[in-house]
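I have placed the structure first, in the form of structure tokens, so that the comments after it can refer back to it.
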Amino acid sequence: MKTFTYKNKTYETDDHNFLIDHEIWDKNFSIGMAYELGMLDGLTEKHWEVIHFIRKAFKKTGERPLLYETCRMIGLKSKALQKLFPTGYLRGACLLAGLGYKGIQAYSLPEPREKHTRSTNGFIERNKAYRIDIYGFLLNPEDWDEEYAIIRAYEMNIKGGLNEKHWQIIYFLRDCYKLNKNVPTIYDCCEANEMDIEDIEELFPAGYHRCAIKIAGLPSIGVDITRKIL
């Protein structure tokens, strides 16, 4: 835990600058943190529209809205969202809205198929254990294999299982993480694979971080976002 101070007000944050308590959020936090993220021109009316939508949606549902939902409701394409929040949706828009991991519903494993058994710290398939955190992310990305991805895709109700495009994204994410030790933003993913947000939504309807990143066996956040803009 650490603190962030702007205009004589101090906020408790985690190591990635997400507010510990989303209830203490105010506009002062967003304005100050925007500068920390390199958004030196400040927040425009469009920024605030996105930030307020995220907070209102969370207040109504108890969950941070998916990137796809926010883009649809605000009428944004990936390029427009990237221009507004260059550090990413979770690492930019949601951070400025005061929502971090407490704004992400913990992943609850469904009842396993007949050949699966569950454990308290993950799940076991064919006697292999995969340890996951309370949010459903693989604790050690090196433990990942294709069987893990197939199981997670099944549990996340990806209809028809993983196809060639799914594997393209999965291996792109893993290759990027292996090379840079960073989790790629959805902007990076879309650009490198010549896709738009709608294409990613079709492949991973449960969310980019909550589905694609999990299936790829990566942590949700891989770097200190105040030091490097992804």
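The values are calculated or read from the model by the stated rules, or taken from the named source; none is laboratory data. All of these numbers come straight from a predicted model, not from anything done at the bench. Every residue, glycine as well, gets a Cβ built from its backbone with ideal geometry; the counts of neighbours run over all protein chains shown.
Residue count for segment 173-197, restricted to those that are part of a helix (DSSP H, G or I), free of Cβ contacts under 8 Å to residues at least 60 places away in the same chain and within 16 Å of the chain's Cα centre (by Cα): 6.
Restricting the first member to segment 42-65 and to residues that are in contact (Cβ under 8 Å) with a residue 24 or more places away in the chain, and the second to residues that are of a type in the set (D, E, K, R) and assigned to a loop (DSSP other than H, G, I, E, B), the beta-carbon pairs closer than 7 Å and six or more apart or on different chains are 54/64; 58/64.
Which residues, taken from segment 1-46, are in a strand (DSSP E or B) and surrounded by fewer than 11 Cβ atoms within 10 Å (Cβ to Cβ)?
3, 5, 10
The residue list 102, 60, 79, 83 contains one member that is over 17 Å from the mean Cα position of the chain (by Cα), in a helix (DSSP H, G or I) and modelled with pLDDT under 90, which is 79. Restricted to segment 127-151, and to residues there that are in a loop (DSSP other than H, G, I, E, B) and more than 16 Å from the chain's Cα centre (by Cα), the residue that is farthest from residue 174 (Cα to Cα) is 127. Per the conditions (1) of a type in the set (S, T, N, Q); (2) over 19 Å from the mean Cα position of the chain (by Cα); (3) under 25 Å from residue 219 (Cα atoms), the sole criterion not satisfied by residue 13 is (2).
Given the structure, is residue 33 assigned by TED's automatic domain parsing to the domain that holds residue 85, under 14 Å from residue 4 (Cα atoms) and not charged (D, E, K, R)? Criteria met by residue 33. When the criteria are applied in full, residue 49 fails the requirement of being surrounded by fewer than 20 Cβ atoms within 10 Å (Cβ to Cβ), in the same structural domain as residue 94 (by TED's automatic domain parsing) and either within 19 Å of the chain's Cα centre (by Cα) or in a loop (DSSP other than H, G, I, E, B) (or both).
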